[in-house]
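A short write-up of the structure that comes next.
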Amino acid sequence: MHLSRLAESGGDRPKISRSPDAIALMTEITYADFEQVEIHTGCIVRVADFPKARKPAYKLWIDFGPLGIKQSSAQITQLYERDALVGQQIVAVTNFPPRQIADFMSEVLVLGVVLEAGEVALLQPDRPVPLGRRVL
């Protein structure tokens, strides 16, 4: 996270640019491309510190209702206290392949907004929603 797994993944994924000019450089995709990305609602049920991560992160266990409980590594320690995250609803990409982060298998990509200083604000529904629902 600088969007969970993206920043931790190393050189095989594009870097997130914070430049206002970066929007002009984005590659356009079709709606059909977007439909291939499975984004679902979940609720954080467990959080643990992740001292083996290269950058400060938490280990999250997220309940996606009918999709089950999935785990994710999230670099959200700057804005969120560990215990305050339990019970929070989030949105995450659920159809990326699992990625090994140190000694932890991250199964989903929790979505957030990268702010100026690099901290990440979680994307969350503005009201309680059923778990596992698709986000469009």
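Results, tabulated for the structure shown:
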| quantity | calculated |
| --- | --- |
| Efficiency of FRET between ARG82 and ARG133 - r from beta-carbon atoms, R0 22 angstrom, step 0.05 | 0.25 |
| Among 51-57, 31-37, the order from most to least packed when residues are scored by Cβ within 10 Å on average | 51-57, 31-37 |
| Surrounding net charge for GLN89, when Lys and Arg each add one and Asp and Glu each subtract one, Cβ distance under 15 Å | +3 |
| Whole-Hz couplings from phi, Karplus 6.51/-1.76/1.60, listed for the range 117-129; x for Gly and Pro | 7, x, 6, 10, 9, 4, 7, 9, x, 7, 7, x, 10 |
| Ranked by how many other beta carbons lie within 10 Å on average, peptides 87-95, 122-130 from highest | 87-95, 122-130 |
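Where a number appears in this text, it was derived from the coordinates with a stated rule and is not lab data. All of these numbers come straight from a predicted model, not from anything done at the bench. No Cβ is skipped: glycine too gets one built from the backbone with ideal geometry, and neighbour counts run over all protein chains shown.
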